[in-house]
Amino acid sequence: MRTTKKVTSLLLAALMLALFAVPAMPALADDPIELEVWHYFGTDSLYLVEKMEEFNTIQSEIKLNIQMVPRDDLLKQYTMGAVSGELPDIGMVDNPDMAAFIQMGVFADITDQLEAWGELDNFFPGPLASATQNGRIYGLPQNSNCLALFYDKDMLAAAGVEVPTTWSELEAAAAALTNPETGTYGLAISAVKNEEGTFQFMPWFISAGGNLENLSGEGCVEALSFLSGLVEKGYMSRDIINWTQADANNQFIAGNAAMQINGPWQIPVFASEAPDKNYGVALVPRADDGVFASVLGGENFGVTTASKNVDAAVKVLQFLLDKDLNAEVCVNTGKFSPRADSMASRPEWSEDPILSVFSEAMQYAMPRGPHPRWPEISAAICVAMHEVFTGTRSVEDALTDAEAKVTELLSK
């Protein structure tokens, strides 16, 4: 699916000619404008970082100083930077977190520059809304994604198990695929106490009819009870409370889990680390009397209020979100473009046997927020999950407390 380096270089060069032609950047006597960029992409998404590095080689007016900051540390630095002013020129953020940082004053209003660009109508409304507040735009979505069920075809075939589509089928499959003697579990998820844990829990309670406004209601209780039951019965490892989504994928690759819930960003990991893995993808199983559900993920890039070169930084965003380049980057990182024209330009999203399932799942993907207090809302949810999975609280008590916290946050 990758283009050749020669074709890519020609594409980048053409983009730069278009980008800097009209309007022209201010003439520079000596040194280029230096812009600091923060991101938290891991090995699964470094293709975009490669494009940013190539940006430095195909033009001389802007130099990007690219810094990888682990996600949790990056969020802390944004929070401190809102007060100290110590921020990059361009920063990446998980899309549900952007509303909070906009309200803190981390990201600059770049509406006028983006409207002059003339490309905003090509973006899907949902992802673009995550970078918008009170009708003003503070950044651009770079990718979209969702969750689905990965399954090991060989392990399911050996156990005589069909791909599950409901919770009852999933539990039966997980039971058949669990083998204590070999340390193999039927299912792996991430239940770590941060945004990844909340992200992974949302499809379950949405499927059962739950919602953020009623966390102690029947749907959320049913979902958390189902998942905790899989742990109690030994079909999921108790270590899921420590597993990130990358950790869950590593367990799946190693054969320690026959199925996992994860996202399309893991597809390049299989290509590089487990090319012989015989796996398939299906929709996240639905509640027996519920609906299929997933959750919208993705990252945004914004220009910060600390940048002294806002116009140059916006041009970098326009470069990264060019229709063709964004399509190429998203295909090569197993993600989905937030641009409708980009999605229509590549056949992989409709024809590839793995990506096409995620394309279907995207229609069920619900956003997280956007809400300025989302980080606190998410924290209340994942704390409740952790309390239940560690056995310190009952499902009902943990979710009742979480609902009280979320209700207060939503009312502010």
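Is at least one residue of region 114-132 closer than 19 Å to LYS335 by Cβ, touching an Asp or Glu at 6+ places or on another chain (Cβ under 8 Å) and part of a helix (DSSP H, G or I)?
yes
If I ask for residues that are among the basic types (Lys, Arg) and part of a loop (DSSP other than H, G, I, E, B), which ones from region 278-308 would you list? It would help to see each step written out before you state the result.
The initial filter retains those residues of region 278-308 that are among the basic types (Lys, Arg), namely 286, 308.
Residue satisfying the conditions is LYS308 alone.
Could you tell me which residue of region 185-230 is farthest from TRP243 (Cα to Cα), considering only residues that are among the β-branched types (Val, Ile, Thr) and surrounded by fewer than 24 Cβ atoms within 10 Å (Cβ to Cβ)? Steps first, please.
Filtering region 185-230 down to residues among the β-branched types (Val, Ile, Thr) leaves 189, 192, 198, 206, 221.
Next cut, surrounded by fewer than 24 Cβ atoms within 10 Å (Cβ to Cβ) only: 192, 221.
On the way: VAL192: 6, VAL221: 22 Å.
That would be VAL221.
Please work out which one of (1) acidic (Asp, Glu); (2) over 30 Å from ASN65 (Cβ atoms); (3) in contact (Cβ under 8 Å) with a residue 12 or more places away in the chain is the condition GLU328 fails and give its number.
(2)
Check LYS63 against each of (1) out of contact with any helix residue (DSSP H, G or I) (no Cβ under 8 Å at 6 or more places or on another chain); (2) modelled with pLDDT of 95 or more; (3) charged (D, E, K, R) and name the one condition it does not meet.
For LYS63, the failing item is (1).
Quick grid of which residues meet (1) closer than 30 Å to LEU48 by Cβ; (2) modelled with pLDDT of 95 or more:
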| site | (1), (2) |
| --- | --- |
| GLY160 | no, yes |
| GLU169 | no, yes |
| ALA172 | no, yes |
| PHE201 | yes, yes |
| GLU213 | no, no |
| GLU218 | no, yes |
| GLY229 | no, yes |
| GLU232 | no, yes |
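Restricting to region 249-282, name every residue that is aliphatic (A, V, I, L, M), crowded, with 20+ Cβ neighbours inside 10 Å and under 20 Å from ALA191 (Cα atoms).
ALA257, ALA258, MET259, ILE261
Return the residues of region 67-82 that are of a type in the set (S, T, N, Q), out of contact with any Leu (no Cβ under 9 Å at 6 or more places or on another chain) and in a helix (DSSP H, G or I); say none if nothing qualifies. Full working, then the answer.
At the first step, the residues of region 67-82 found to be of a type in the set (S, T, N, Q) are 67, 77, 79.
Filter once more, so that each one left must be out of contact with any Leu (no Cβ under 9 Å at 6 or more places or on another chain): 67, 79.
Hit for region 67-82 is THR79, nothing else.
Would you call ALA246 surrounded by fewer than 22 Cβ atoms within 10 Å (Cβ to Cβ) and not assigned by TED's automatic domain parsing to the domain that holds LYS76? Talk me through it step by step, then tell me what you get.
Values: surrounded by fewer than 22 Cβ atoms within 10 Å (Cβ to Cβ): yes; not assigned by TED's automatic domain parsing to the domain that holds LYS76: yes.
So ALA246 fits the description; yes.
Quick one: which helices (runs of 4 or more DSSP H) lie wholly within region 345-391 and hold at least 3 residues that are among the small types (Gly, Ala, Ser)?
On the way: elements: 348-351, 355-362, 374-389.
Ranges flagged: 355-362, 374-389.
Search region 111-136 for residues being closer than 17 Å to ASP97 by Cβ and under 17 Å from the mean Cα position of the chain (by Cα), and hand back the single one that is modelled with the lowest pLDDT. Give the derivation first.
Narrowing region 111-136 to residues closer than 17 Å to ASP97 by Cβ: 126-133.
If we keep only those that are under 17 Å from the mean Cα position of the chain (by Cα) too, we end up with 126-131.
On the way: GLY126: 86, PRO127: 92, LEU128: 93, ALA129: 91, SER130: 92, ALA131: 94.
Restricting to residues being closer than 17 Å to ASP97 by Cβ and under 17 Å from the mean Cα position of the chain (by Cα), the top hit is GLY126.
Pull up region 304-349, narrow it to residues that are of a type in the set (Phe, Trp, Tyr) and over 24 Å from PRO88 (Cβ atoms), then point me to the one that is surrounded by the most Cβ atoms within 10 Å (Cβ to Cβ). Please lay out each step first, then the result.
Initially, region 304-349 is screened for residues of a type in the set (Phe, Trp, Tyr), giving 319, 336, 349.
Then drop every residue that is not over 24 Å from PRO88 (Cβ atoms), which leaves 336, 349.
Numbers: PHE336: 28, TRP349: 21.
The residue in question is PHE336.
For region 281-319, which residues satisfy the criterion of being over 20 Å from the mean Cα position of the chain (by Cα) and among the β-branched types (Val, Ile, Thr)?
The answer is VAL291, THR304, THR305, VAL310, VAL314, VAL316.
Within region 164-194, which residues are part of a loop (DSSP other than H, G, I, E, B), in contact (Cβ under 8 Å) with a residue 24 or more places away in the chain and under 19 Å from GLN251 (Cα atoms)?
Taking region 164-194 as the starting set, the residues that turn out to be part of a loop (DSSP other than H, G, I, E, B) are 164-165, 178, 180-183, 189-194.
Add one more test, that the residue is in contact (Cβ under 8 Å) with a residue 24 or more places away in the chain, and what stays is 164-165, 178, 180, 183, 189-194.
Within region 164-194, THR178, PRO180, GLY183, ILE189, SER190, ALA191, VAL192, LYS193 qualify.
What is the residue count in region 213-241 for residues that are of a type in the set (Gly, Ala, Ser), over 23 Å from the mean Cα position of the chain (by Cα) and either part of a helix (DSSP H, G or I) or under 14 Å from ALA173 (Cα atoms) (or both)? Before you say what the answer is, go through the steps one by one.
Filtering region 213-241 for residues of a type in the set (Gly, Ala, Ser) gives 216-217, 219, 223, 225, 228-229, 234, 237.
Filter again for over 23 Å from the mean Cα position of the chain (by Cα), leaving 216-217, 219, 225, 228-229, 234, 237.
If we keep only those that are either part of a helix (DSSP H, G or I) or under 14 Å from ALA173 (Cα atoms) (or both) too, we end up with 219, 225, 228-229, 234.
Adding up the residues that qualify gives 5.
Give me the pairs, please: first residue somewhere in region 48-60 and in the same structural domain as VAL329 (by TED's automatic domain parsing), second residue anywhere and of a type in the set (Gly, Ala, Ser) and surrounded by fewer than 17 Cβ atoms within 10 Å (Cβ to Cβ), beta-carbon distance under 7 Å, and either six or more positions apart or on two chains.
ILE58/ALA13
Out of (1) assigned to a loop (DSSP other than H, G, I, E, B); (2) closer than 20 Å to PRO164 by Cα, what's the single condition that is false for PRO275?
(2)
So which residues in region 151-200 are over 24 Å from the mean Cα position of the chain (by Cα) and basic (Lys, Arg)?
Listed by number, the list holds a single entry, LYS153.
The values are calculated or read from the model by the stated rules, or taken from the named source; none is laboratory data. Small disclaimer: the values here were computed from a predicted structure and weren't measured. With ideal geometry, Cβ positions are generated from the backbone for all residues, glycine too; neighbour counts draw on all protein chains shown.
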